Amino acid sequence: MNYWLMKSEPSVYGIADLKRDRQTIWDGVRNYQARNFMRSMQVGDRAFFYHSNTTPPGIVGMMQVVETNVIDPTQFDPQSEYYDAKSKPDSPRWQTVRLEFEKEFAEIFTLDLLRQQFTPDELWVVRQGNRLSVMPVEEAIALRILSQVQAI
DNA sequence: GCCAACGTTGGC
DNA sequence: GCCAACGTTGGC
């Protein structure tokens, strides 16, 4: 079982949306490194839900991977902003995962707090200029974060 | 809204 | 295969 961190802008899709939907396909990722991490995910892995582009940014909850190697349907949808004309149905470029809501934190674990507790080597999200939207989190780091939060 | 960081594209 | 131009991310 591995831990991950996945970013989303709450104005696009936030923890409240996942709580309502219970499950979601994590679509729209168009970065190869992020995609490769999602390809390596396994059922039962847990992921921190990170709110980006908001005040303050930070981790707001936990999700669980319930299905792997999901073809991102938006790549074939010309109406979607994530449409990829170069991706063909017989060899899709973009795979993702299905995630299930696990819990929402009583309080956001802010980026500022993460910076105070972890070095950029320990936790990639605190690296300056990091634009990666899916990244691994070491178990020891994940457990330190989880020991400091309460679920709603 | 600004802009630094940085990934991608495409001409050569 | 280099790299300038361009587009996007995301903190502030």
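For this structure, a couple of remarks:
- Shape call, chain A: gyration tensor on alpha carbons, a/c limit 1.5: prolate
- Whether the range A:87-152 is rounded, prolate or oblate, judged on the alpha carbon gyration tensor where a/c under 1.5 counts as rounded: oblate
- Amide proton proximity set for A:Ser52, modelled H, under 5 Å, gap of 5+: A:Ser8, A:Glu9
- A DSSP coil position with no more than 10 other Cβ atoms inside 10 Å describes the following GluC sites (Glu not before Pro) in the range A:20-106: A:Glu81.
- Point-charge dipole on Cβ atoms (K/R +1, D/E -1) for the range A:84-152, about Cα centre, debye to 20: 360 debye
- Evaluated with a Cβ-only charge set (Lys, Arg +1; Asp, Glu -1), the range A:1-49 carries a dipole of roughly 80 debye about its Cα centre, given to the nearest 20.
- Computed E for A:Tyr32/A:Glu107 - FRET, C-beta separation, R0 41 angstrom, nearest 0.05: 0.75
- The range A:1-89: C-alpha gyration tensor shape, a/c 1.5 cut-off, then a/b vs b/c: oblate
- Scanning residues 5 or more positions from A:Asp84 or on other chains, those with amide H under 5 Å from its amide H are A:Phe76, A:Asp77, with H placed 1.01 Å from N in the peptide plane.
- Trypsin sites (Lys or Arg not before Pro) within the range A:66-130: DSSP coil, no more than 12 neighbouring Cβ in 10 Å: A:Lys86
- Computed from point charges on the beta carbon alone (+1 for Lys and Arg, -1 for Asp and Glu), the dipole magnitude for the range A:1-89 about its Cα centre is near 200 Debye.
- Residues whose amide H lies under 5 Å from that of A:Glu67, counting only those 5 or more places away or on a different chain, are A:Arg98; hydrogens are built 1.01 Å from N in the peptide plane.
- Its relative contact order, with pairs defined as Cα atoms under 8 Å and 6+ residues apart, puts the range A:1-139 at 33 percent.
- FRET efficiency for A:Arg93 and A:Met1, using Cβ-Cβ distance with R0 set to 25 Å, rounded to 0.05: 0.35
- Stretched out straight at 0.36 nm per residue, the stretch from A:Arg144 to A:Arg127 would grow longer than its current Cα-Cα span by 4.3 nm.
- Where a label projected 7 Å from the Cα of A:Val43 along Cα→Cβ would reach, residues of the range A:68-83 with amide N under 17 Å: A:68-71
- Vicinal HN-Hα couplings computed from phi for the range A:24-30 (Karplus, 6.51 cos²θ - 1.76 cosθ + 1.60; Hz; Gly/Pro x): 8, 8, 7, 8, x, 6, 10
- Of all lysines in the structure, those lying under 29 Å Cα to Cα from A:Lys86, and not within fewer than 8 positions of it along the same chain, are A:Lys7.
- Per-residue HN-Hα couplings for the range A:117-124 [Karplus 6.51, -1.76, 1.60; θ = phi - 60°; Hz; x = Gly/Pro]: 9, 10, 7, x, 6, 6, 9, 4
Where a number appears in this text, it was derived from the coordinates with a stated rule and is not lab data. All figures in this text were calculated on a predicted structure; none of them were measured in a lab. Ideal geometry is used to build each Cβ from the backbone, glycine not excepted, and the neighbour counts take in all protein chains shown.
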